[in-house]
Amino acid sequence: MISNPLAAALAKRNFHYGWVVVAVTFLTMLVTAAAVGAPGVLIVPLEKEFGWETKEIATAFSIRLLLFGLMGPFAAAFMNYFGVRKVVCVALILITGGLFASLAMTEIWQLILLWGVVVGFGTGLTAMVLGATVAARWFTERRGLALGMLTASSATGQLAFMPLMASLSENYGWRTAIMLICGLLIVAVLAVFFLMRDRPADVGLPAYGDKEVVPTPPVTGGLITLITMPLIALKDASSSSTFWVLFATFFVCGASTNGLVGTHFVAMCGDFGMVPIMAASVLAMMGFFDFFGTIGSGWLSDRVDNRWLLFWYYGLRGLSLLYLPYSNFSFYGLSLFAMFYGLDWIATVPPTVKLATDRFGREKAGLIFGWVFAGHQLGAASAAYGGGFVRTEYQTYMPAFFVAGILCLIAALLVLTLSKHGKPNPVLETVPVN
């Protein structure tokens with residue numbers, strides 16, 4: 001018996017309520033990703049108004065990116081214990097509060113506290129684990145499509161809002177850009193509160209592709225047990241060389257995307273005379289290509305050896321970064337960079353998730369990938385600070401981009417050290433889940 005009026009109305013039209021949940025989750029991840037990425041266009045305005053150095057501003061950004069990753073494995077525990085809707089609502093309110101309070105900041109420590117710690121914790125609760133949780137709970141069929149869409153929303157959100165943020169900041173001040181993000185976050189809170197449900201059973205439906213309604217499983221153990229579960233999974237996985245290869249390559253992935261390009265690209269283009277709006281438009285172009293590249297990567301990951309997919313993704317990304325200094329920073333040269341670089345911005349996610357699933361088993365793949373994603377954000381945090389440090393000390397970003405390109409080429413070779421066929425870790429398979 002369908003208990004939700006909207007779900008019942010949609011069911012009469014052969015439309016599953018799971019797609020409504022996907023739409024709400026897509027909006028949530030899109031807007032929170034915008035909150036993560038938008039400050040990248042605000043470095044120069046903050047430097048001009050407060051006189052802060054790039055490396056000081058980058059410190060706040062690196063803390064935010066680090067917490068964004070480290071919270072991932074624990075966010076899954078909170079969602080299991082409190083429910084997805086409650087956790088996401090709290091996260092969105094936390095992000096909105098941090099950004100809104102920053103409108104009155106005057107000291108660098110306030111930037112670090114609000115944009116670094118508060119926004120970092122909030123966005124960490126809505127990291128990629130949210131999309132993985134929604135796709136796993138609501139879909140048996142079309143799960144890959146749902147996950148691909150939600151994964152793409154994360155990077156697209158970081159990049160698509162860049163031109164608008166740059167335009168608002170240039171014409172009306174950086175506070176106007178922040179207020180727009182706050183308004184979008186409030187819309188997302190309302191959508192989650194009224195439309196999000198934790199599981200299909202909450203509206204009286206089976207998961208998409210199933211025929212029977214599966215009752216909500218009881219949560220075993222207390223909150224402490226759920227919080228320690230990711231630590232147990234990390235302890236067991238750390239004995240596997242496969243885990244460290246995935247961790248290391250995803251470290252490079254984060255360093256070469258969110259950390260360096262996502263944070264410093266607009267400021268770097270400004271060093272070469274390109275106005276922020278045009279530079280942000282190039283980032284938006286990357287987001288456009290990334291949306292299709294990530295969904296296509298999900299399709300390929302079911303059909304092609306995932307090691308070789310990652311080899312090409314990291315290899316082409318490395319070549320793109322090494323090409324960038326020779327693009328003359330013309331719109332044509334940067335457009336060529338945006339196309340190749342954008343296609344695999346986070347196209348690495350589907351094959352990395354699939355390798356984690358194949359090697360560690362379906363039940364624990366989410367926890368293991370949560371820690372691999374923490375490596376991604378550790379790399380992002382390192383590059384966010386490192387890029388700011390290099391620019392402050394050497395008055396140019398170029399060394400940071402050369403290093404990132406070389407690291408991508410190393411990652412391309414490293415992923416080939418994985419065996420073609422892996423066996424699930426029996427220890428990880430026996431760790432209890434709710």
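The values are calculated or read from the model by the stated rules, or taken from the named source; none is laboratory data. As the structure is a computational prediction, the values presented were derived from the model and not from experiment. Here Cβ is always computed from backbone atoms with ideal geometry, including for glycine, and neighbour counts include all displayed protein chains. Side chains included, ligands, DNA and RNA excluded: accessible areas come from the protein's heavy atoms. Shrake-Rupley method; radii C 1.70, N 1.55, O 1.52, S 1.80 Å.
Side notes on the structure shown:
- Filtered GluC sites (Glu not before Pro), region 24-96: DSSP coil and at most 16 other beta carbons within 10 Å: 53
- Rg of the Cα atoms in region 271-405, relative to 2.2 N^0.38 Å, amounts to 1.17.
- Dipole of the chain, positive end: most advanced residue of 101, 2, 318 [Cβ charges, Cα centre]: 2
- With Rh defined as the Kirkwood radius, the inverse of the mean 1/r over Cα pairs, the Rg/Rh of region 29-105 is 1.04.
- Rounded to 10°, Cα long-axis angle of helix 128-138 versus longest principal axis of the chain: 30 degrees
- Computed from the C-alpha gyration tensor, the three semi-axes of the ellipsoid equivalent to the chain are 34, 26, 20 Å, from longest to shortest.
- Environment charge at residue 126 (Cβ cut-off 14 Å; Lys +1, Arg +1, Asp -1, Glu -1): +3
- Based on DSSP H segments of at least four residues, each scored -39500 (n - 2.57), the chain has a per-residue ellipticity at 222 nm of -23500 deg cm²/dmol.
- Candidates 29, 339, 162: whichever shows maximal mean-square fluctuation once the chain is modelled as a Gaussian network with Cα springs under 10 Å: 339
- Packing-based ranking, highest mean first, of 241-247, 63-69, 134-140 given that Cβ atoms within 10 Å are counted: 63-69, 134-140, 241-247
- Cross-link partners for residue 420 among the lysines, with Cα-Cα distance under 25 Å and sequence neighbours closer than 8 places in the same chain left out: 235, 354, 364.
- Using θ = phi - 60° and Karplus 6.51 cos²θ - 1.76 cosθ + 1.60, couplings along region 198-204 (whole Hz; Gly, Pro as x): 6, 9, x, 4, 5, 10, x
- Neighbours of residue 411 by Cβ distance under 13 Å: Lys/Arg scored +1, Asp/Glu scored -1, total +1.
- Near the amide H of residue 139, within less than 5 Å, lie the amide hydrogens of 208, all on another chain or at least 5 residues away, with H placed in the peptide plane.
- Accessible surface area normalised per residue over the chain is 40 Å², counting heavy atoms of protein chains with a 1.4 Å rolling probe.
- Student exercise, region 32-108 dipole from Lys, Arg, Asp, Glu Cβ charges, in Debye to nearest 20: 420 debye
- Principal axis analysis of the Cα atoms in region 218-333 yields extents of 57, 34, 27 Å, listed in decreasing size.
- Each peptide in 94-106, 165-177 gets a packing score, the mean of other Cβ atoms within 10 Å over its residues, and the list from highest to lowest is 165-177, 94-106.
- Using C-alpha pairs under 8 Å with a sequence gap of at least 6, the mean separation divided by the residue count of the chain gives a relative contact order of 25 percent.
- Bins of 5 Å from zero: percent of alpha-carbon pairs in region 144-233: 2, 10, 10, 12, 15, 16, 13, 8, 7, 4, 1, 0
- Computed in the context of the full set of protein chains, the accessible area of the chain at 1.4 Å probe radius has 69% of its extent on carbon or sulfur.
- Comparing 396, 123, 28 in a Gaussian network model of the chain (Cα springs below 10 Å), the most mobile by mean-square fluctuation is 396.
- Placing +1 on the Cβ of every Lys and Arg and -1 on the Cβ of every Asp and Glu, with nothing else charged, gives region 136-270 a dipole about its Cα centre of roughly 20 debye.
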